[in-house]
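Participant: Next up is a structure, given as structure tokens.
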Amino acid sequence: FLKCVYGGSEVIIPKLTFQESIDLLYVMDKYIVTEIIPKVVSHIISMLALRFDNIFIAISNPVCLQHKKLEEAIFKILEFETEIFSSPMFLQLDGTVLQHIVKAEHL
């Protein structure tokens, strides 16, 4: 986090795993470091479709649904990748996440 804040975001962010990126987004939101958030969101979006379980990691983290671009990317994948709904990982999602999915306009 501190390396990103003090000018290392161009080097650090591309090296982060998907989960580390989401964790960083959470910390940036918590400490209101808004100038780096778009870079982190873009990095998360670029990695979202690379692994099947990334969608479950993203949707089960409320911070991901607080950013419009990221939320749109998540729901676009949910709209077209219907095998997600028959995955055992789908059954492990929190009830509030399921409500958010059901209320989505996209589906």
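Participant: For segment 2-103: lysine pairs with Cα atoms under 15 Å, gap of 8 or more or different chains, count?
Facilitator: So the count works out to 7.
Participant: How far apart, in nanometres, would the label points at T82 and Q99 be if each is projected 7 angstrom from Cα along the Cα-to-Cβ direction?
Facilitator: Once both label points are built, they end up 2.8 nm from each other.
Participant: Place a +1 charge on the Cβ of each Lys and Arg in segment 2-103 and a -1 charge on the Cβ of each Asp and Glu, then give the dipole magnitude about the Cα centre in debye, rounded to the nearest 20.
Facilitator: Computed about the Cα centre, the dipole is about 220 debye.
Participant: Also, I was wondering about something else. Tell me the label-point distance for the pair D23, L50, using the 7 Å Cα-to-Cβ offset, in nm and rounded to one decimal.
Facilitator: 1.6 nm
Participant: Now for a separate question. Just in segment 29-96: which chymotrypsin sites (Phe, Trp or Tyr not before Pro) are loop by DSSP and have at most 16 other Cβ atoms within 10 Å?
Facilitator: Here the sparse-neighbourhood loop sites are Y31, F52.
Participant: Name the residue, out of L48, L91, L25, whose mean-square fluctuation peaks in a Gaussian network model built on the chain with Cα pairs under 10 Å.
Facilitator: Comparing L48, L91, L25 in the GNM, the peak value goes to L91.
Read the figures in this text as sums done on the coordinates, not as results from a lab. Treat the numbers as computed from the prediction; the structure is a model and nothing was measured. Positions of Cβ are backbone-derived with ideal geometry, glycine not excepted, and every protein chain shown enters the neighbour counts.
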